[in-house]
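The values are calculated or read from the model by the stated rules, or taken from the named source; none is laboratory data. As the structure is a prediction and not an experimental result, all values here were calculated from the model. With ideal geometry, Cβ positions are generated from the backbone for all residues, glycine too; neighbour counts draw on all protein chains shown.
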Amino acid sequence: MIQLERLHKYYRIDRLKKVVLRDVNFNFQAGRSYGVLGINGAGKSTLMRILAGAELPNRGRVRKSVRVSWPLGFAGGLHPGMTGRENIKFVARVYGENVRQVIDFVEDFAEIGPYIDAPVKTYSSGMGARVAYGLSMAINFECYLIDETMAVGDARFQARCKSEFNKRKAVSDLIMVTHNIPAMKEYCQHGLVLADGELQYFPNVDDAIETYRKLNM
């Protein structure tokens, strides 16, 4: 499904070099869902951005044989100078989806009314997240990426997000970065722990959680 080949990523901070992924090799298998744990600053969100294609490794590669989403609720991919509708049209065409169906779904799901025809730069962060979340639900991805955020908006809208997400989860895989242990147990079959640039795999989620807890002690 998704194959990491000698994935290496570091950042330079002043004169320091911080390695967050150290020649990582791993295969995310189709038909399985994974939860990624790690202490703050371990590089979990960096890994998620690389899986989404929003950031490149310093070396190594990611091979994908499935359609992978951007992180749920991430509005950073929307062009601020374009309207919500124009952004939706553009993304629908890039993914080869029925443009009218995608627009209708997102317009109904996001519930932002006439703002759908306003530039995204005029949106609140919540409005942008609603459009981004609706757009990710409108396109049939085979694997969904979750970087902490399972739902957006107020309590009523979060319930709607979770209901729609559960429909997608029934037919799609997911890779989740989270500190929410109950959510990981509910949605993930396997666990990964990212520490010191190494990605350790655990077939049993509970074993990954126990290792993560020891790191936090």
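One table, with the values for the structure above:
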{"item": "Criterion (surrounded by fewer than 14 Cβ atoms within 10 Å (Cβ to Cβ), out of contact with any helix residue (DSSP H, G or I) (no Cβ under 6 Å at 6 or more places or on another chain) and not assigned by TED's automatic domain parsing to the domain that holds residue 113) met by exactly one of 148, 198", "result": "198"}
{"item": "Of all residues in the stretch 168-183 being part of a loop (DSSP other than H, G, I, E, B) and touching a residue at least 60 places away in the same chain (Cβ under 8 Å), the one that is surrounded by the fewest Cβ atoms within 10 Å (Cβ to Cβ)", "result": "179"}
{"item": "Residue among 73, 53, 81 that alone is surrounded by fewer than 16 Cβ atoms within 10 Å (Cβ to Cβ) and within 18 Å of the chain's Cα centre (by Cα)", "result": "53"}
{"item": "Residue within the stretch 120-138 that is in contact with a Pro (Cβ under 7 Å, 6 or more places away or on another chain), in the same structural domain as residue 102 (by TED's automatic domain parsing) and at pLDDT 95 or above present", "result": "yes"}
{"item": "Verdict on residue 186 being in contact (Cβ under 8 Å) with a residue 40 or more places away in the chain, surrounded by fewer than 18 Cβ atoms within 10 Å (Cβ to Cβ) and charged (D, E, K, R)", "result": "no"}
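This table checks each residue for (1) in contact (Cβ under 8 Å) with a residue 40 or more places away in the chain; (2) not assigned by TED's automatic domain parsing to the domain that holds residue 197.
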site	(1), (2)
7	yes, no
25	no, no
28	yes, no
38	yes, no
53	no, no
95	yes, yes
104	no, yes
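Results for (1) among the hydroxyl-bearing types (Ser, Thr, Tyr); (2) in a strand (DSSP E or B); (3) at pLDDT 95 or above, shown as yes or no for each residue.
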{"position": "140", "(1), (2), (3)": "no, no, no"}
{"position": "149", "(1), (2), (3)": "yes, no, no"}
{"position": "152", "(1), (2), (3)": "no, no, no"}
{"position": "156", "(1), (2), (3)": "no, no, no"}
{"position": "159", "(1), (2), (3)": "no, no, no"}
{"position": "163", "(1), (2), (3)": "yes, no, no"}
{"position": "166", "(1), (2), (3)": "no, no, no"}
{"position": "191", "(1), (2), (3)": "no, yes, yes"}
{"position": "215", "(1), (2), (3)": "no, no, no"}
